[in-house]
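Following: one structure in structure tokens, then a few remarks.
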Amino acid sequence: MRPWRLPLAVLLVTGCVRPSPPPSLPDCTLSTPLPPGVPGSPGHLVVTDLHPDGTSELALVMRGLVDDAKVARAAVLEGRPVPPRWSVQRTMRCAWPTAAADRDEKFDALAQAYLEQVRTLESNPADPRLAYTHVLEGCLACHQTMCPGPIDLIEGLRL
Ligand code: HEC
């Protein structure tokens, strides 16, 4: 190789070898603005079999939580590790609810308390049954405060 070519070769090689950083998940807190027009936002409700009249983004996140809870419940009962879902579930803090005013500080505090319990359940706790029960209590704490409709469904997810 001619000497003048070396810098280019080094550049190319280091460019290929250096791993690019993983894409960072978007921040998701109470102060994250909700983008208008996304599926499940006001005026853009999502029609599903369960919701022929359309449903909100948050309600869809909640349906995901129900599925996740069923998977977690089976894992706990069978003594397997619970698959990690915190990074998906935390989007509850920045999803459009049916009523935009529901996304307030009270809701966010309850969401954070719930998500802490999810974290604990996913981090190989000493007592997975207790950790799972605490997750369900996190669901109930919020639903008893602001949306009592699904309480029976949540009770049905107990061990
Ligand atoms: C921080 C509050 C909060 C937590 C924690 C929470 N929910 Fe919800 N949930 C809501 C709100 C608010 C709604 C109404 C959403 C809307 O109207 O857009 C809802 C809606 C629902 C619905 C109805 C969805 C539909 O199809 O309309 C179900 C089912 C549900 N939640 C289950 C759960 C379960 C199971 C958990 C725990 C694994 C949980 N929720 C945790 C606040 C919460």
For V82, indicate whether it is of a type outside the set (F, W, Y), touching a strand residue (DSSP E or B) at 6+ places or on another chain (Cβ under 9 Å), more than 10 Å from the ligand (Cβ to nearest atom) and modelled with pLDDT of 95 or more.
-> no
Cross-chain or 6+ apart pairs with Cβ under 8 Å, the range 117-143 first and within 16 Å of L65 (Cβ to Cβ) and hydroxyl-bearing (S, T, Y), then modelled with pLDDT of 95 or more and within 9 Å of the ligand (Cβ to nearest atom) = Y132/A72
How about the range 78-110: which of its residues are not in a helix (DSSP H, G or I) and not small (G, A, S)?
-> R80, P81, V82, P83, P84, R85, W96, P97, T98, R103, D104
Of the residues in the range 25-78, those that are under 21 Å from H143 (Cβ atoms), without any contact (Cβ under 8 Å) to a residue 60 or more places away in the chain and of a type in the set (G, A, S) number 4
Counted residues, the range 88-109 - those being more than 17 Å from P42 (Cβ to Cβ), surrounded by 19 or more Cβ atoms within 10 Å (Cβ to Cβ) and near the ligand (Cβ under 10 Å from one of its atoms) = 3
Considering only residues that are among the small types (G, A, S) and near the ligand (Cβ under 9 Å from one of its atoms), look in the range 113-155 and name the one that is nearest to G79 (Cα to Cα).
-> G138
Restricting attention to the range 39-77, the residues that are under 17 Å from the mean Cα position of the chain (by Cα), surrounded by fewer than 16 Cβ atoms within 10 Å (Cβ to Cβ) and outside any helix (DSSP H, G or I) number exactly 1
If K106 passes every condition in (1) out of contact with any Phe, Trp or Tyr (no Cβ under 7 Å at 6 or more places or on another chain); (2) modelled with pLDDT under 95 but one, which one does it miss?
-> (2)
The condition from (1) assigned to a helix (DSSP H, G or I); (2) more than 15 Å from the chain's Cα centre (by Cα) that G138 misses is numbered (2)
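For every residue, the table says whether it meets (1) away from the ligand (no atom under 11 Å from the Cβ); (2) on the phi > 0 side of the Ramachandran plot; (3) modelled with pLDDT of 95 or more; (4) charged (D, E, K, R).
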{"residue": "R63", "(1), (2), (3), (4)": "no, no, yes, yes"}
{"residue": "A69", "(1), (2), (3), (4)": "no, no, yes, no"}
{"residue": "V76", "(1), (2), (3), (4)": "yes, no, yes, no"}
{"residue": "A111", "(1), (2), (3), (4)": "no, no, yes, no"}
Of all residues in the range 79-103, how many are touching a residue at least 12 places away in the same chain (Cβ under 8 Å), under 20 Å from T145 (Cα atoms) and not β-branched (V, I, T)?
-> 11
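The values are calculated or read from the model by the stated rules, or taken from the named source; none is laboratory data. All figures in this text were calculated on a predicted structure; none of them were measured in a lab. Reconstructed Cβ throughout: ideal geometry from the backbone, glycine too, with neighbour counts over all protein chains shown.
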